[in-house]
Amino acid sequence: MYEIFYFRGGLYKFDELVEYIEDIGGMVLRKDRFELIRGEYFLANEVHVLLVVPEEEVENTKMLIGEIKGTAHDVEITEEQKRTLLAYLSIYDSLNRTDKWTEEENIKDAITCPCYALLCNQLEDEECQLDADLKQILSEMCTNGVIEYKISAEGKYEYRLKKTD
């Protein structure tokens with residue numbers, strides 16, 4: 001099971017948090033960066049991030065957030081938003097298993113049901129995430145900078161996790 005919450009804090013050791021989230025099998029879904037300025041004076045950089053974290057790692061994650069001087073806030077989400085986030089996680093997990101470019105059909109084949117995290121059990125109707133609109137979700141994940149795509153010589157879309165430096 002996974003918990004979804006919102007991180008708010010500075011850039012101090014933020015990369016350490018992102019690395020930790022990825023190491024525990026979580027996911028950073030959205031990152032917004034702000035500069036706080038008063039008049040002509042720069043005050044600080046601030047980051048707002050939506051995090052998906054395995055349930056058993058929530059306490060450790062919140063402790064790390066406190067150590068880097070950030071705050072964690074619970075997020076109330078609708079069933080439809082939860083369905084989309086869990087579909088993101090299924091796709092992310094399947095792409096995380098390989099460093100190669102993967103076609104859409106192969107991504108769908110790699111998402112086996114029931115998945116190891118039993119994502120469908122977190123939904124009220126327990127509908128399998130394989131029924132989600134895969135093409136739309138892949139497009140949204142590209143827009144959000146989670147994955148990247150290319151078009152193969154055969155004209156097919158191929159996807160992989162976005163490389164980070």
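Taken together, the values in this text are just the output of simple stated rules run on the coordinates, not laboratory data. What you are looking at is a predicted structure, and each value in this text was computed from that prediction instead of being measured. Neighbour counts are summed over all protein chains in view; Cβ atoms, including those assigned to glycine, are modelled from backbone coordinates with ideal geometry.
Among the listed pairs Lys62/Lys162; Lys13/Lys135; Lys13/Lys156, those whose Cα-Cα separation exceeds 28 Å are Lys13/Lys135; Lys13/Lys156. Within straight-line reach of Lys100, meaning a Cα separation under 13 Å, sit the following aspartates and glutamates at least 8 residues removed in sequence or on another chain: Glu148, Glu158. Which of the helices in the chain, when you take each full DSSP H run, stretch at least 24 Å along the axis at their Cα atoms and have an average Kyte-Doolittle score of -1.0 or higher? Membrane-span-like by this rule: 79-96. What the Cα atoms of the chain give is an Rg and a Dmax of 17.2, 55 Å. Quick one: grab the alpha carbon gyration tensor of region 2-74, order the square roots of its eigenvalues as a ≥ b ≥ c, and give me rounded if a/c is under 1.5, else prolate or oblate depending on whether a/b is larger than b/c. Judged from the Cα gyration tensor, region 2-74 comes out prolate (a/c at least 1.5, a/b above b/c). Other residues with beta-carbon under 10 Å from the beta-carbon of Met1 carry, at +1 per Lys or Arg and -1 per Asp or Glu, a net charge of -3. Protection proxy ranking, highest mean first, for peptides 83-90, 104-111, 50-57: 83-90, 50-57, 104-111, where packing is the per-residue count of other beta-carbon atoms within 10 Å, averaged. Taking other C-beta atoms within 10 Å as the exposure proxy, Asp32, Asp93 rank Asp32, Asp93 from fewest upward. Helical runs (DSSP H, four residues minimum) scored at -39500 (n - 2.57) apiece and divided by the length of the chain put the mean residue ellipticity at 222 nm at -10000 deg cm²/dmol.
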